[in-house]
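The values are calculated or read from the model by the stated rules, or taken from the named source; none is laboratory data. Bear in mind the structure is a predicted one, so any value in this text is a computation, not a measurement. Counting neighbours? That spans all protein chains shown, and the Cβs are built from the backbone with ideal geometry, glycine included. The protein model used for the area step is the full one, side chains on, heavy atoms only, and it has no ligands, DNA or RNA in it. Shrake-Rupley method; radii C 1.70, N 1.55, O 1.52, S 1.80 Å.
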Amino acid sequence: MADTPEEHLTEELLDRLLHSAKIETYLDEEHITDRALPDYLNELLDRSGIKRNPLAEKTGMNQTFIYDIFAGKSRPGRNNAIRLAFGLGCDLRETQLRLAGVSELYCKQRRDAIIIWCIQNGRDLPATDDELYRMGEDTLVPKD
C-alpha cells in the first residue's frame, strides 16, 4: 500500500491528538478519514494479488459469503475477519481489523496471544489452527 501515508501506532496518534491545538490540524496532518471495511479489504486483496475464489479456498469460507463481505453486504465476525487476514497475508498490524466491527487481538487473552505469536512467526492459517488445537483453544476454522 505505497499510496497510503506511513501508519503510526495508536498510542503515537493519541499523543499527537492530545497535543494538537486544533482538531483540524490533527485530522489534516495525520490524514484521518473514515474507511469502510470493503474498501480496506479490497486494498488488501489488490496488494496480495489473490482473487476472491482462491481466497475462499484458502480461508475455508463460502465464496458467496466472501463476495458479500467484500461488497459490504455482510460483516465477517471476529474469527472470519482473522481468517481473511491470514488469507490475505496480513501482518499483525493489518490483522487488527477494527473496521470489521470486532475486537482486536489482545495479548492478555490466551487464545489471542497464540494467534498473535503465530502471525508474528509467519504461520499460516492451518498451522495457527494446529497450534490453537495443541494448546487446547478453539480453532479459527470450525471443526466439522
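What are the residues in the range 113-144 that are open to solvent by 50 Å² or more (accessible area, probe 1.4 Å) and aliphatic (A, V, I, L, M), if any?
Result: MET135, single match.
Within the range 56-77, not a single residue is modelled with pLDDT under 90, assigned to a helix (DSSP H, G or I), open to solvent by less than 50 Å² (accessible area, probe 1.4 Å) and touching a helix residue (DSSP H, G or I) at 6+ places or on another chain (Cβ under 6 Å). Would you mind stating whether LYS143 is out of contact with any helix residue (DSSP H, G or I) (no Cβ under 7 Å at 6 or more places or on another chain), part of a loop (DSSP other than H, G, I, E, B) and farther than 30 Å from GLU11 by Cβ? When the stated conditions are applied, LYS143 passes them. Residue pairs whose Cβ atoms lie under 9 Å apart, sitting 6 or more positions apart in sequence or on different chains, and linking a residue in the range 56-75 that is in contact (Cβ under 8 Å) with a residue 60 or more places away in the chain to a partner that is open to solvent by 60 Å² or more (accessible area, probe 1.4 Å), are LYS58/ASP124; GLY60/PRO142. Looking at the range 30-55, which of the residues that are among the aliphatic types (A, V, I, L, M) and closer than 23 Å to VAL141 by Cβ is surrounded by the most Cβ atoms within 10 Å (Cβ to Cβ)? Among those that are among the aliphatic types (A, V, I, L, M) and closer than 23 Å to VAL141 by Cβ, it is LEU41.
Residues that are modelled with pLDDT under 90, within 17 Å of ASN121 (Cβ to Cβ), touching a helix residue (DSSP H, G or I) at 6+ places or on another chain (Cβ under 6 Å) and in a helix (DSSP H, G or I) within the range 78-111 comprise LEU92, THR95, listed in sequence order.
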